[in-house]
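Visitor: Handing you this structure, nothing more for now.
Taken together, the values in this text are just the output of simple stated rules run on the coordinates, not laboratory data. Source: prediction; values computed, not measured. Every residue, glycine among them, receives a Cβ derived from its backbone with ideal geometry; neighbour counts consider all protein chains shown.
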Amino acid sequence: MIMTKPLEAAIFDLGGVVFGISVENILKSWAKSMNIPPQEMAPKFGADSHYECFETNDISPKQYREHVYKTFGARLSDEEFDRGWNSIYLGLLPGIEPLLKRLQQSLRLVALTNTNSIHARDWRVRYADIMTYFERVFASHEIGARKPEPESFQAVLDYLDIDPGKVAFFDDNPENVRGAIAVGIKGFVATSPLEVSEKIQAILRA
């Protein structure tokens with residue numbers, strides 16, 4: 001009798017699952033450079049249509065910067081913008097490296113992240129060591145689709161060539177998890193390595 005594995009691969013979100021992020025840091029940095037109180041900036045800033053287009057490479061960094069300047073009515077140098085934009089990144093979540101090291105022994109690991117060209121230049125260097133645990137990192141601006149769009153998950157499934165039912169997906173955004181479930185992937189909301197570990201163990205025990 002041939003025993004089949006209940007789980008063959010795991011897809012990880014990056015920000016909020018592998019490393020911490022802080023949008024507040026972006027606004028603090030820009031506020032200092034623009035001389036605008038951060039509390040005045042917060043209501044104007046978010047994942048609007050320009051932001052989403054930037055994450056699928058439908059607009060350029062220059063176009064996105066111009067959109068931000070128009071939103072706030074103030075300008076920055078490219079260096080000031082990028083420095084603030086990339087201040088979003090924090091340290092690795094405690095326990096994530098030993099978890100990935102352990103999982104790598106029995107599962108194929110890949111990452112799927114909504115990101116953009118300015119951010120990617122930073123995190124690919126900043127987190128280079130932890131990225132080695134993933135066979136491949138799928139970035140939205142490179143594949144032209146972002147979570148929770150089904151095309152983003154399909155790009156990963158095409159690469160893995162595994163039944164979606166044997167793939168787990170971990171993200172801190174419930175909307176993205178629902179997108180994964182819609183294409184047949186086992187999706188879970190997870191904001192810590194402990195949650196990821198517990199949910200994988202639950203799949204293996206089922």
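Visitor: Tell me the label-point distance for the pair Asp163, Thr132, using the 7 Å Cα-to-Cβ offset, in nm and rounded to one decimal.
Guide: 3.5
Visitor: Please tell me the relative contact order of the range 23-88 in percent, rounded to the nearest whole number, where contacts are Cα pairs under 8 Å and at least six residues apart.
Guide: The value is 52 percent.
Visitor: Now a separate question. So for the range 155-206, averaging the separation of alpha carbon pairs under 8 Å that are six or more residues apart and normalising by length, what relative contact order in percent results?
Guide: About 30 percent, as a whole number.
Visitor: For the range 23-88, count the residues as N, evaluate 2.2 N^0.38 Å, and divide the Cα radius of gyration by that value, please. Walk me through the numbers on the way to the answer.
Guide: Details: Rg = 11.0 Å, N = 66, 2.2 N^0.38 = 10.8 Å.
After normalising by residue count via 2.2 N^0.38 Å, the value is 1.02.
Visitor: Separation of the range 153-179 and the range 68-103 by C-alpha centroid, Å?
Guide: After rounding, the separation between the Cα centres reads 24 Å.
Visitor: What is the sum of charges, Lys and Arg at +1 and Asp and Glu at -1, for the other residues whose Cβ falls under 14 Å from the Cβ of Glu198?
Guide: +3
Visitor: Sequence gap at least 6, Cα distance under 8 Å: using those rules, report the relative contact order of the chain to the nearest whole percent.
Guide: Value for the chain: 30 percent.
Visitor: What do you get for the angle between helix 117-126 and the principal long axis of the chain? Use alpha-carbon atoms, 0 to 90 degrees, nearest ten.
Guide: 60
Visitor: Give me the net charge for the shell around Tyr89: Cβ to Cβ below 9 angstrom, other residues only, Lys and Arg +1, Asp and Glu -1. Please report the intermediate quantities before stating the final value.
Guide: Numbers: positive: Arg126; negative: Asp122.
It works out to a net charge of 0.
Visitor: When a/c reaches 1.5 or more, the comparison of a/b and b/c decides; with that in mind, is the chain rounded, prolate or oblate per its Cα gyration tensor?
Guide: Prolate, since a/c reaches 1.5 and a/b exceeds b/c.
Visitor: When you count, for each residue, the other Cβ atoms within 10 Å and take the mean per peptide, how do 74-81, 96-103 rank with the highest first? Please list the in-between numbers first.
Guide: Numbers: 74-81: 14.2, 96-103: 16.2.
Averaged packing, sorted descending, gives the order 96-103, 74-81.
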